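Just below is one structure, and these are the notes that go with it.
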Amino acid sequence: MSRVAEFSKEALYDSDFYAWTQQQAELLRKLRTTGTQFPENIDLDHVAEEIEDMGKSQLDSVESQIENIFVHVLKSVSVPDAAPARKWHSEADRFSTDLLRRFTNAMRQRLDLDRTWRLAVRRARVDLNAYEDRLIDHLPRQCPFDLRELVDEDFDFAALVAKLRLITG
């Protein structure tokens with residue numbers, strides 16, 4: 001392998017672990033078709049699957065942080081004077097930091113913000129009902145936020161809350 005290819009592989013591993021896992025899994029699966037002889041005890045298909053799953057786990061973590069942010073935005077809009085409102089803001093900032101730590105550009109096309117939004121709406125409704133509060137009416141079915149707002153280094157929870165308040169009237 002050339003030095004440039006090694007650098008690129010290492011750079012991808014360091015800069016976009018998710019993309020690296022998907023690429024490596026695909027390459028391992030292609031090895032089966034090359035006719036190369038491997039020891040019988042090497043299970044390339046399952047090794048590829050495990051590597052791919054490592055990337056999916058990172059993607060799941062990113063989706064989870066986004067969902068957590070959405071839940072806290074929904075609670076803040078629905079019950080703005082609730083005692084834990086400041087805590088929701090603080091936690092959302094922490095979720096954003098975790099999101100930034102794990103998010104890579106290769107994930108953009110795999111993230112389903114509309115689905116994550118709907119799950120967050122359901123979760124926020126359950127959380128608020130447990131405290132005899134209600135989720136705000138007239139919520140959009142589709143995610144009202146752009147991914148850029150969520151992965152911005154200058155994440156602004158208050159801006160997300162204000163945007164949702166404006167949308168829901």
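ALA124: over 27 Å from TRP20 (Cα atoms), within 16 Å of the chain's Cα centre (by Cα) and not acidic (Asp, Glu), yes or no?
Details: over 27 Å from TRP20 (Cα atoms): yes; within 16 Å of the chain's Cα centre (by Cα): no; not acidic (Asp, Glu): yes.
Criteria not met by ALA124.
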> Filter region 12-39 for residues that are more than 19 Å from ASP60 (Cβ to Cβ) and among the small types (Gly, Ala, Ser); which is farthest from the chain's Cα centre (by Cα)?
Replying inline: GLY35
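Given the residues ASP156, ASP93, ASP137, which is the only one that is at pLDDT below 95 and of a type in the set (Asp, Glu)?
Working: ASP156 fails: at pLDDT below 95; ASP93 fails: at pLDDT below 95.
Matching residue, one of ASP156, ASP93, ASP137: ASP137.
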> What pairs come up if the first residue lies in region 113-128 and is surrounded by fewer than 16 Cβ atoms within 10 Å (Cβ to Cβ), the second is outside any helix (DSSP H, G or I) and polar (S, T, N, Q), and their beta carbons are under 9 Å apart, counting only those six or more places apart or on different chains?
Replying inline: ASP114/GLN142
>> Going through ARG108, ARG141 one at a time, which residue ends up being in a loop (DSSP other than H, G, I, E, B), among the basic types (Lys, Arg) and more than 19 Å from ASP93 (Cβ to Cβ)?
In response: ARG141
> With respect to ALA82, is the statement that it is in contact (Cβ under 8 Å) with a residue 12 or more places away in the chain, out of contact with any Gly (no Cβ under 9 Å at 6 or more places or on another chain), part of a loop (DSSP other than H, G, I, E, B) and within 25 Å of LEU128 (Cβ to Cβ) true?
Replying inline: yes
> Scanning for something modelled with pLDDT of 75 or more, surrounded by 14 or more Cβ atoms within 10 Å (Cβ to Cβ), of a type in the set (Ser, Thr, Tyr) and under 30 Å from ARG122 (Cα atoms), does region 53-60 turn up at least one residue?
Replying inline: no
> Using beta carbons and a limit of 8 Å, which pairs, at least six apart or on different chains, have the first residue in region 47-58 and without any contact (Cβ under 8 Å) to a residue 60 or more places away in the chain and the second one among the basic types (Lys, Arg) and part of a helix (DSSP H, G or I)?
Replying inline: ALA48/ARG29; GLN58/ARG102
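Mind checking whether some residue in region 24-42 is within 14 Å of ASN105 (Cα to Cα) and either touching a residue at least 12 places away in the same chain (Cβ under 8 Å) or surrounded by fewer than 16 Cβ atoms within 10 Å (Cβ to Cβ) (or both)? Walk me through how you get there before you give the answer.
Here is the first cut: in region 24-42, the ones within 14 Å of ASN105 (Cα to Cα) are none.
Checking region 24-42: not a single residue is within 14 Å of ASN105 (Cα to Cα) and either touching a residue at least 12 places away in the same chain (Cβ under 8 Å) or surrounded by fewer than 16 Cβ atoms within 10 Å (Cβ to Cβ) (or both).
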> Looking at ILE69, is it among the β-branched types (Val, Ile, Thr), modelled with pLDDT under 95 and either crowded, with 19+ Cβ neighbours inside 10 Å or out of contact with any helix residue (DSSP H, G or I) (no Cβ under 7 Å at 6 or more places or on another chain) (or both)?
Replying inline: no
>> Given (1) surrounded by 12 or more Cβ atoms within 10 Å (Cβ to Cβ); (2) among the charged types (D, E, K, R); (3) at positive phi, identify the lone condition not met by GLU132.
In response: (1)
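The values are calculated or read from the model by the stated rules, or taken from the named source; none is laboratory data. Computed from a predicted model, the values in this text were never measured in an experiment. As a convention, Cβ positions derive from the backbone with ideal geometry for all residues, glycine included, and neighbour counts pool all protein chains shown.
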